[in-house]
Amino acid sequence: MSASREIIASPHGLDGILAAYGDPGKYLREDGTPNPAWEYDILSRAYLPAPIPLEGYPGRFVPRFACHKKLRPEIEELHLDIFRAGLWGALISFAGCYNFRFQRGSADKLSVHAWAAAIDYDYAGNKLGKPGRMDARIVEIFERRGWTWGGRFARRDDGHFQFASGY
């Protein structure tokens with residue numbers, strides 16, 4: 001792996017997330033939405049080894065998606081691992097990465113998606129709070145690379161993976 005594809009370590013807790021990915025509070029407008037400079041400063045496009053079906057849009061596929069620029073090499077390598085393991089079809093569908101919002105059920109705790117450091121797959125088969133159908137071999141690849149799987153959260157979120165822990 002070349003130096004241009006440096007993989008970062010998974011941060012822990014809010015302080016670690018802020019140190020690794022930046023402080024969106026510095027970019028908030030009066031209405032609580034981020035200034036477009038936040039997206040300009042943090043986002044990059046991760047390219048996939050093959051397209052993934054787009055959740056909720058039959059016949060549409062995702063060949064790349066917006067993620068945190070520091071995570072682009074990690075995300076591309078991660079998806080190559082899944083592809084090379086012959087598990088590409090087990091991802092079912094892509095349901096998002098960057099989304100500036102609070103955690104579901106919270107009015108004051110940002111989602112890791114707000115930093116573009118979380119990825120969701122297959123909402124239809126992975127309902128919040130219930131056991132889902134995420135392939136255990138995919139979970140193993142993510143966890144081996146330092147990702148936290150939402151299936152281990154107190155309120156299960158089997159289709160969710162985030163490159164952060166303790167938050």
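Before moving on, here are some points about what is shown:
- Sorting Phe102, Phe65 on solvent-accessible area from highest to lowest, probe radius 1.4 Å, gives Phe102, Phe65.
- Counting only residues at least eight positions apart within a chain, or on another chain, the lysines with an alpha carbon under 30 Å from that of Lys130 are Lys109.
- Accessible-area composition of segment 26-167, carbon plus sulfur, in percent [1.4 Å probe]: 51
- Label reach from Phe153 (point 7 Å along Cα→C-beta): in segment 52-88, no amide nitrogen lies under 11 Å.
- Label separation (Asp23 vs Ser106): 1.8 nm, computed from points 7 Å beyond Cα along the C-beta direction.
- Each residue of segment 113-123 was assigned a 3J(HN,Hα) from its phi angle through the Karplus curve 6.51 cos²θ - 1.76 cosθ + 1.60 (θ = phi - 60°); the sequence is 4, 5, 9, 6, 10, 9, 10, 10, 10, 6, 4 Hz, with glycine and proline shown as x.
- Helix-only mean residue ellipticity at 222 nm for the chain, each DSSP H run of n ≥ 4 adding -39500 (n - 2.57), per residue, nearest 500: -6500 deg cm²/dmol
- Which of Lys26, Lys109 is most accessible, then next, and so on - probe 1.4 Å: Lys26, Lys109
- Normalised by residue number, the volume inside the convex hull of the Cα atoms of segment 24-101 is 101 Å³ per residue.
- Restricted to Cα atoms, the chain shows a radius of gyration and a Dmax of 15.4, 47 angstrom.
- For segment 113-167: accessible area per residue (Å², 1.4 Å): 42
- All aspartates and glutamates inside 12 Å of Lys70 as judged from Cα atoms, apart from same-chain residues fewer than 8 positions distant: Glu6, Asp41
- Stretching the chain fully between Ala90 and Asp41 yields a gain of 14.4 nm (0.36 nm per residue, less the alpha carbon separation).
The values are calculated or read from the model by the stated rules, or taken from the named source; none is laboratory data. This structure is a prediction, so every number in the text was calculated from the model and none was measured. Because the Cβ atoms are built from the backbone with ideal geometry, glycine has one as well, and the counts that use them run over all protein chains shown. Heavy atoms of the whole protein, side chains included, go into the accessibility calculation; ligands, DNA and RNA do not. Shrake-Rupley method; radii C 1.70, N 1.55, O 1.52, S 1.80 Å.
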